[in-house]
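Step one of this worksheet: look at the structure below.
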Amino acid sequence: MDQLTIIQPDDFHVHLRDGAYLTRTVIDTVKRFARAIVMPNLNLPVTTVALAGAYRQRIQAYLPEGCAFEPLMTLYLTDNTPVDEIRRLKGSGYVHAVKYYPAGATTNSDAGVSAIEKVYDVIEALSELHVPLLIHGEVSDEKVDLFDREAVFIDQILEPLLQRYPGLKTVFEHITTREAVEYVREGSHNLAATITPHHLLFNRNALFENGIRPHHYCRPILKAEHHREALVEAATGDCPRFFLGTDSAPHARRLKETACGCAGIYSAHNALEFYAEAFEDAGKLPQLEQFASRNGAGFYGLPVNQFRCTLVRNGEFIPAALDFGEDTVIPLRAGESCRWRLATNE
Ligand code: DOR
Ligand code: ZN
C-alpha cells in the first residue's frame, strides 16, 4: 500500500502552548487534525471557563483563513476548583473536559491536585453532568520508581476512584504500560485511553542511544519493549476505547539540553505520519482510521469528521530544528526522513 485515505482525524491530547508558540503549533496541528483537545497546563493554568474562552480566542487568531479547526478546551483541576465552575463549563459549549494532574507529576503540574479526596465534590459533578475527567496517571511520590508510577497509580488512585464513581467518564491519558492497556481493556464503557506516537514507536532504549537523549524525555517516561508492544496491540486492535492523542508538547531546546531538562516531545509536525508508520510496522495500516478518526469522537460523543485526508509513501525530510519565535524546538525524528507524507486534505 503506497497511499492511504482516511476520514480526517482528531488529536485528543495536545499542548498548543501560548503566545509566539501558537504560530507553529496551531499550523502543524490543523494541517492534520479537524479538532483537538487542548491541554490547560499553561504557565498560568487554565482553571476557569473564562480563561479557557480567552485562550480559545488566542488559538483561533492563528487559524489560517477559512480553516474550520475546532479547539476543544479543557480546565485544569486544582484543590480549589469550585463545583460551580463545572456547571459553567457545561453551559459553555466549548469546554469539553477537565484535566487532573497529580501535583508535581509533570510539566506545570504544581497547581494540580494534592490529594484526590480534595476534589471529590468536583468529580461527583463531572460524573452527574457526564463531563470527561482526563487523567495524568502517574503518582508523584518520589519513593516510587519512576518506571512504576503509572502501574502504582492504577492501584492506589484510579481503581478506588472508579469504584467510587462508576459513572465517571474517564480518559487515562498517554498510557505507557501493559498494565494500563489491560486495565482499560477490562474496564467499563466509561473508561478510555489515549496513546502517543512516541510511545508506539520507541522504547526506553531511545533515551540512551550512544548517550543521553533529552529530546526523547517525556512524562510518562518511555518504557520497556514489552510495554510498547502492548500499546501497539491496543492501538491497532478492536477495542474502541483506545484512541489518538499525540501529547505533542514543545519545549525550547535550551530547556531540554541542560542539566535538568524538561519533559515533553514535539510531534505535531508529522504526527499522523508517525502513527501510520507504527501501524504499518504492526501490519495494521487499515486500522488507523478507527484509532485516529472514529474511536475518540465516539467516546466524546462528537460526530465523525466530514472530510478525508490522504497519506502517501516516501516522506519528507524532517528539519533538524524548528523556529518557535525566538526559541528553537527540536522535533521528533529531527534530521531524519519520515516514511509517510500528508498529501491532501479534501
Ligand atoms: O512530557 C510531558 N510534557 N508530559 C506531560 O504530561 C506534560 C507535557 C508538557 O506540558 O510539556
Ligand atoms: Zn500532555
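Observations on the model:
- For region 231-280, a residue qualifies if it is free of Cβ contacts under 8 Å to residues at least 12 places away in the same chain and either crowded, with 19+ Cβ neighbours inside 10 Å or assigned to a helix (DSSP H, G or I) (or both), and exactly one does: 255.
- Within region 18-52, the set of residues being within 16 Å of ligand 2 (Cβ to nearest atom) and open to solvent by 40 Å² or more (accessible area, probe 1.4 Å) comprises 18, 43.
- Subset of region 92-144 [more than 22 Å from the chain's Cα centre (by Cα) and open to solvent by less than 10 Å² (accessible area, probe 1.4 Å)]: 119, 122, 125
- Residue match in region 61-71 (condition: outside any helix (DSSP H, G or I), of a type in the set (D, E, K, R), open to solvent by 10 Å² or more (accessible area, probe 1.4 Å) and within 20 Å of residue 26 (Cα to Cα)): yes
- Filtering region 306-346 to residues that are within 23 Å of the chain's Cα centre (by Cα), of a type in the set (Ser, Thr, Tyr) and within 24 Å of residue 264 (Cα to Cα) leaves only 328.
- Breaking point among (1) away from ligand 1 (no atom under 13 Å from the Cβ); (2) among the hydrophobic types (A, V, I, L, M, F, W, C); (3) free of Cβ contacts under 8 Å to residues at least 40 places away in the same chain, for residue 172: (1)
- Meets criteria (touching a residue at least 40 places away in the same chain (Cβ under 8 Å) and among the β-branched types (Val, Ile, Thr)) for residue 144: no
- Tally, over region 57-88, of residues that are out of contact with any helix residue (DSSP H, G or I) (no Cβ under 8 Å at 6 or more places or on another chain), of a type in the set (D, E, K, R) and under 22 Å from residue 113 (Cα atoms): 1
The values are calculated or read from the model by the stated rules, or taken from the named source; none is laboratory data. What you see is a predicted model, and the numbers here were worked out from it, not measured in a lab. Cβ: placed from backbone, ideal geometry, glycine included. Neighbour counts: every protein chain shown. All accessible areas refer to the heavy atoms of the entire protein, side chains included, with ligands and DNA or RNA removed. Shrake-Rupley method; radii C 1.70, N 1.55, O 1.52, S 1.80 Å.
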